[in-house]
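Everything below concerns the one structure shown next.
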Amino acid sequence: MLRIFLSLILFFSVLSVSADEDPMLVNVKRISMETALKIAKAAVDACRKEAIQVGVTVVDRTGQTQVVLRDVLAPELTLTVSQQKAYTAVSFNLATSVMEDRFKSPFSVGKVEGLVFGGGGLPIQAGGRILGAVGVSGAPSGKTDEKCAKAGIAAVIDDLEMAE
């Protein structure tokens with residue numbers, strides 16, 4: 001009987017401790033508009049160094065568009081594709097280039113509108129958190145789009161890591 005009583009006391013004390021530790025609110029880190037703009041501008045500048053005109057979109061951690069830039073001669077379509085690459089990268093928390101062949105036969109899935117599984121989309125991660133994503137479109141290859149996206153993130157990553 002004493003054993004059952006002690007077990008019950010232990011059980012209820014664990015419940016009360018875990019209830020006290022569960023927060024009522026959760027703090028979510030977000031990148032500022034200025035940081036998103038630095039990422040987008042650095043990506044455009046990286047592609048310009050290779051004489052390539054691109055569209056760049058930076059999305060927040062929920063996939064909502066934060067900043068969009070289109071270089072002067074980049075077609076309007078680059079904006080749509082860059083947004084879809086950024087959205088795909090943040091949704092899967094993966095570079096879109098690593099997903100290029102993932103959904104082909106025999107593991108193919110139906111096309112989901114708004115997702116692009118081609119190089120040029122990268123998640124923005126710092127301090128073990130996903131903060132958003134950047135998508136670049138307009139270069140002759142997804143590899144070049146991704147290279148420019150990496151340059152965009154590289155422009156702010158040290159500051160993001162230190163912001164923790």
Only one of (1) closer than 16 Å to Ala43 by Cβ; (2) over 16 Å from the mean Cα position of the chain (by Cα) fails for Pro75. Which number is that? (1)
Here is a check on your reading of the model: is Gly63 touching a residue at least 24 places away in the same chain (Cβ under 8 Å) and on the phi > 0 side of the Ramachandran plot? yes
Can you tell me which residue among Gly114, Gly135 is within 25 Å of Glu50 (Cα to Cα) and in contact with a helix residue (DSSP H, G or I) (Cβ under 8 Å, 6 or more places away or on another chain)? Gly135
Among the residues of segment 51-71, are any over 25 Å from Gly114 (Cβ atoms) and in a helix (DSSP H, G or I)? no
For Arg70, indicate whether it is closer than 17 Å to Ala42 by Cα and not hydroxyl-bearing (Ser, Thr, Tyr). yes
Which condition from (1) surrounded by fewer than 21 Cβ atoms within 10 Å (Cβ to Cβ); (2) over 18 Å from Gly132 (Cβ atoms) is the one that Phe92 breaks? (2)
If only one of Val67, Val136 is farther than 23 Å from Val28 by Cβ, surrounded by 16 or more Cβ atoms within 10 Å (Cβ to Cβ) and at pLDDT 95 or above, which one is it? Val136
Condition check: in contact with a Gly (Cβ under 9 Å, 6 or more places away or on another chain), of a type in the set (A, V, I, L, M, F, W, C) and outside any helix (DSSP H, G or I). Does Leu122 satisfy that? yes
Which one is surrounded by the most Cβ atoms within 10 Å (Cβ to Cβ), of the residues in segment 139-160 that are closer than 18 Å to Val59 by Cα, of a type in the set (A, V, I, L, M) and touching a residue at least 40 places away in the same chain (Cβ under 8 Å)? Ala149
Cβ-Cβ under 9 Å, sequence separation 6+ or interchain: first residue in segment 25-48 and closer than 15 Å to Ile130 by Cα and at pLDDT below 95, partner assigned to a helix (DSSP H, G or I) and of a type in the set (Val, Ile, Thr). Which pairs? Ile31/Ile39
Give segment 113-138 a look and list any residue that's without any contact (Cβ under 8 Å) to a residue 40 or more places away in the chain, in contact with a Leu (Cβ under 8 Å, 6 or more places away or on another chain) and farther than 16 Å from Tyr87 by Cα, or say none. Ala126
Would you please list the contacts, defined by Cβ atoms under 9 Å and residues six or more apart or on different chains, that run from a residue in segment 71-83 that is touching a residue at least 40 places away in the same chain (Cβ under 8 Å) to a residue that is in a helix (DSSP H, G or I) and β-branched (Val, Ile, Thr)? Asp71/Val44; Asp71/Thr78; Ala74/Val44
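The values are calculated or read from the model by the stated rules, or taken from the named source; none is laboratory data. Everything numeric in this text was worked out from a predicted model, so none of it was measured. Glycine gets a Cβ as well: all are built from the backbone with ideal geometry, and neighbour counts include every protein chain shown.
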